[in-house]
1. Quick check, is B:F172 buried (at least 19 other Cβ atoms within 10 Å of the Cβ), among the aromatic types (F, W, Y), closer than 30 Å to B:K70 by Cα and not assigned by TED's automatic domain parsing to the domain that holds B:H337?
2. Which one of B:K181, B:K146, B:K190, B:K198 is in contact (Cβ under 8 Å) with a residue 40 or more places away in the chain, out of contact with any strand residue (DSSP E or B) (no Cβ under 9 Å at 6 or more places or on another chain) and of a type in the set (K, R)?
3. With the structure loaded, tell me whether B:S119 is under 17 Å from the mean Cα position of the chain (by Cα) and in contact (Cβ under 8 Å) with a residue 24 or more places away in the chain or whether it fails that test.
4. Does B:E116 satisfy being under 30 Å from B:P333 (Cβ atoms), buried (at least 24 other Cβ atoms within 10 Å of the Cβ) and charged (D, E, K, R)?
5. Determine whether B:A122 is within 28 Å of B:A319 (Cβ to Cβ), of a type outside the set (F, W, Y), touching a Pro at 6+ places or on another chain (Cβ under 7 Å) and not in a strand (DSSP E or B).
6. Going through the range A:110-148 one residue at a time, which ones are more than 9 Å from every other protein chain (Cβ to nearest Cβ) and within 18 Å of A:G193 (Cα to Cα)?
7. Being in contact with a Pro (Cβ under 8 Å, 6 or more places away or on another chain), touching a residue at least 60 places away in the same chain (Cβ under 8 Å) and under 23 Å from B:E116 (Cα atoms) narrows it down to one of B:K273, B:K302, so name that one.
8. Restricting the search to the range A:90-119, which residues are farther than 14 Å from A:G288 by Cβ, assigned to a helix (DSSP H, G or I) and not hydroxyl-bearing (S, T, Y)?
Number of protein chains: 2
Amino acid sequence: MNQKLGSGSLCFSKAPFIISTASVVGKKEGEGPLKNYFDVIGSDEKFGEENWEAAESALQKAALSLTLGKVNRKSEDVRYLFAGDLLGQTIASSFGLKEFEIPLFGLYGACSTCGESLSLAAMNVAAGYADCVAAVTSSHFASAEKQFRFPLEYANQRPKSATWTVTGSGAFLLATEEQAKEWNVKPIAKITGVTTGKIVDFGVKDSMNMGAAMAPAACDLIYQHFQDFTSTPEDYDHIITGDLGTVGSEILVGLLKEKGYDISAVHEDCGVKIYDGEKQGTGAGGSGCGCSAVTLSGYYLKQLKEKRIHKILFVPTGALLSTVSFNEGQTVPGIAHGVVIERI
Amino acid sequence: MNQKLGSGSLCFSKAPFIISTASVVGKKEGEGPLKNYFDVIGSDEKFGEENWEAAESALQKAALSLTLGKVNRKSEDVRYLFAGDLLGQTIASSFGLKEFEIPLFGLYGACSTCGESLSLAAMNVAAGYADCVAAVTSSHFASAEKQFRFPLEYANQRPKSATWTVTGSGAFLLATEEQAKEWNVKPIAKITGVTTGKIVDFGVKDSMNMGAAMAPAACDLIYQHFQDFTSTPEDYDHIITGDLGTVGSEILVGLLKEKGYDISAVHEDCGVKIYDGEKQGTGAGGSGCGCSAVTLSGYYLKQLKEKRIHKILFVPTGALLSTVSFNEGQTVPGIAHGVVIERI
């Protein structure tokens, strides 16, 4: 039996396997510290498409195609698809994934969507509802700037606390152990548990400092996770947030210290890992649904597969704002979703 | 054991109960044919708020509060919340539901979101992941016009095929049979199965005729459902689409006839039911996430509770477009999610 833990946490009795993954990124990500870990680095930011939204759709399509191809699978082998992105009405996913013709659960959790999609994907496999499902998320620097900030042509100046939206898509294929064996696929890692986050609003209103807006949600999630799993920071090789950046990461570590947990030795942030902030001019770090997705897919899963690390808590964080809510003077509430991933 | 059927369908061995529901609507919906079925009819379209988006959030907050209150429950009794709306970055849900502090899965399925949220809610209860979960969706005429069409002040003329976005929110509380008994709650109905839809794109590009864009997705879903459950139209008192309106409904019935199924005797559409199109000037009918949510909550669930009907297939439909995708000349892909609801 899968085990229901405290507030929103689940521990799976038969942990779903991650049997394949792929990461597709843009030029800037391909020049950063993780460049050797990504599957595809695009040389053209439009990925051969006419506009930025279509380019982001192309990223998703490429990521899922490659993920399937790596293990010789087709769309028909995938029972459900859990997908989302940052754009209004999540059009990057709708137009990027429609050709696969897989029953779809469309998700929106801002930059936490990679965690949300992996959680629901794992929950459905562990429930016996599917032998194989896929999770796909993306973001694109230019479509996000157009959606949330200023047109690129405007050349707006950015405060140092601002993050840089990652151009990238990560796709993951999850399957039961039996299915992996039947297909003769060597699994990469397994998802042993999840902690689902609630909205946390500390009243931050600065959309150029989303790390600060999301840190309280990450703190709440990680604290809850420790309670539910009766675990401590030492139980994990890394506790990995999605895109808090340098500013938000510092706040998170401080907030958790106040609650009695010191994660400083194990905490890493995908937004900090993916760019060389000094050299690349990316401010506080990378952000976007794609940031945590490609960093998990390319970098952390590789380490788990090679058994260089044993167990991580992956915590993508999302800022639940829109330009409309921002312009109407609303706060920036945050959310985070936690996924425990272990080596096989 | 829950039973996996064909493409994306599930049949629950222990069907989750709908133990409470509430509908909150605007003035126009409160003047329509279903006026006696809704719980709350607002006299002020802004629901006491400063802007349309906050008004839509207020709808969600009121619907969920009332749903909990009807069965003397609190937020803490609800393990997961499945919610979404039509606005960019689903801000109606984020700001409407944050105070409840319930672990949240944010969803986007356009106007199919009520079906998507009920599906995932039922799947999670049936999997044993939760004893009680909630599903909430909404739409608001004015926030949707602002988001998708023209500012109200512009007084744009509308073709007859255009639909009228419903101002309303429907909330549902699902629980296991044991939990309902423990709480001494008389259940309303039960969800016995789901069929999850995939994106279907027939190339329709007219955003003022979304019924035509969504009808193929509804056809695909219903056809697949009949195959998976080896059922026929006669097995249901009603097969209820979300917001195809008069134009889309006719197309759906025709498309399914071509595939060998005549649903004309049992088909109803929430968008057609909710307004008196002639008198209320609502074009082809109501639309929006709120349309199917409040019609199911207020009208159909009441009939199931009173055992006047036995079994329905509820099929909300969504048009996966945004103003950006429309302006870039993209098509309007559709999606539908099917939920089988039976009397206790």
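1. For B:F172, the condition - buried (at least 19 other Cβ atoms within 10 Å of the Cβ), among the aromatic types (F, W, Y), closer than 30 Å to B:K70 by Cα and not assigned by TED's automatic domain parsing to the domain that holds B:H337 - is met.
2. Among B:K181, B:K146, B:K190, B:K198, only B:K146 is in contact (Cβ under 8 Å) with a residue 40 or more places away in the chain, out of contact with any strand residue (DSSP E or B) (no Cβ under 9 Å at 6 or more places or on another chain) and of a type in the set (K, R).
3. Criteria met by B:S119.
4. Details: under 30 Å from B:P333 (Cβ atoms): yes; buried (at least 24 other Cβ atoms within 10 Å of the Cβ): yes; charged (D, E, K, R): yes.
Considered against the rule, which asks whether it is under 30 Å from B:P333 (Cβ atoms), buried (at least 24 other Cβ atoms within 10 Å of the Cβ) and charged (D, E, K, R), B:E116 comes out as yes.
5. Considered against the rule, which asks whether it is within 28 Å of B:A319 (Cβ to Cβ), of a type outside the set (F, W, Y), touching a Pro at 6+ places or on another chain (Cβ under 7 Å) and not in a strand (DSSP E or B), B:A122 comes out as yes.
6. A:C114, A:G115, A:S117, A:L118, A:A121, A:A122, A:V125, A:C132, A:V133, A:A134, A:A135
7. B:K273
8. A:I91, A:F95, A:G96, A:L97, A:K98, A:E99, A:F100, A:E116, A:L118
The values are calculated or read from the model by the stated rules, or taken from the named source; none is laboratory data. Nothing here was measured: the structure is a model prediction, and the numbers come from that model. FYI the Cβ positions are ideal-geometry reconstructions off the backbone, even for glycines, and counts take in every protein chain you see.
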